[in-house]
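The values are calculated or read from the model by the stated rules, or taken from the named source; none is laboratory data. Values in this document were obtained by computation on a predicted structure and should not be read as measured data. We place every Cβ from the backbone using ideal geometry, glycine too, and count neighbours over all the protein chains shown. Accessible surface areas use protein heavy atoms only, side chains included; no ligands, DNA or RNA. Shrake-Rupley method; radii C 1.70, N 1.55, O 1.52, S 1.80 Å.
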Amino acid sequence: MIHVLSAVLGLGPAYAFPWMLRKASTVDEMKRNLLQVAYLEAFPKIFGTLAILSGLALFFLGSYGPFVQVWILGSLAVYVAIEILVIGFLNPATQKLLKLIGEPAAAAAEQPSAMLSSLYARVRNLHLWSGVLGLLIFILMIAKPH
């Protein structure tokens, strides 16, 4: 129960991030959307970690067969890919975007510049890809291919 609930609570909000980062017509709207997502990112960080730990505990305490199975190794590999995507690409892009949005020239502009819009779209797309990979973990957990 802990494993399933932590997975749902951890990944559930992350599926909303691309929609929360919908097209923003002003710099203030971009900033507000990014800050809302940053606030909710605590859920994937806390509960995603709990899901991994509880999943490993379930495996080693249960009778799921050998560790070298597609669904186990695949899920762990996809989780590592998500972490690389988030830590290596998403977080730096978000920090750069927030820094640029915070500059006086950007804040004074009515419309976001092409560079801000492009970086904003990149952040949204990286969130979308992490959600797709998270969905792949759910598929592997449910299907348990041998």
For this session: Round to the nearest 10 and report in Å² the accessible area of ILE72, as given by a 1.4 Å probe over the protein chains' heavy atoms.
Result: 10
For this session: Could you work out the Rg to Rh ratio of the stretch 74-139, with Rh taken as the Kirkwood radius (inverse of the mean 1/r over all Cα pairs)?
Result: 1.13
Seminar exercise, completed: Checked against the positive end of the charge dipole of the chain (+1 on Cβ of Lys and Arg, -1 on Cβ of Asp and Glu, about the Cα centre), the farthest of VAL27, GLN69, GLY12 is GLN69
Problem set entry | Sparse-neighbourhood loop sites, GluC sites (Glu not before Pro) in the stretch 39-128 - DSSP loop, at most 12 other Cβ within 10 angstrom | GLU110
Problem set entry | Length-normalised contact order of the chain in % [C-alpha pairs under 8 Å, at least 6 apart] | 38
Exercise. Rounded to the nearest whole Å², what accessible area per residue is found for the chain with the 1.4 Å probe?
Worked result: 60
Exercise. For the chain, what is the calculated [θ] at 222 nm in deg cm²/dmol (nearest 500), taking -39500 (n - 2.57) for each run of four or more DSSP H residues and dividing by its residue count?
Worked result: -26000 deg cm²/dmol
For this session: Return the Rg/Rh value of the stretch 2-97, two decimal places, where both radii are evaluated on C-alpha atoms and Rh is the Kirkwood radius.
Result: 1.08
Exercise. Which ³J(HN,Hα) values in Hz, rounded to whole numbers, follow from the phi angles of the stretch 94-110 under the Karplus curve 6.51 cos²θ - 1.76 cosθ + 1.60, where θ = phi - 60° and Gly and Pro get x?
Worked result: 5, 4, 4, 5, 5, 5, 5, 5, x, 5, x, 5, 5, 5, 7, 6, 6
For this session: Let me know the charge dipole size of the chain about its Cα centre in debye, to the nearest 20, where only the beta-carbon of Lys, Arg (+1) and Asp, Glu (-1) is charged.
Result: 100
For this session: Find the eigenvalues of the gyration tensor of the Cα atoms of the stretch 51-102, then list the square roots of 5 times those eigenvalues as equivalent ellipsoid semi-axes, largest first, in whole angstrom.
Result: 35, 11, 5
For this session: Have a look at the stretch 34-146 and give its Rg and Dmax from the Cα atoms, expressed in angstrom.
Result: 18.2, 61
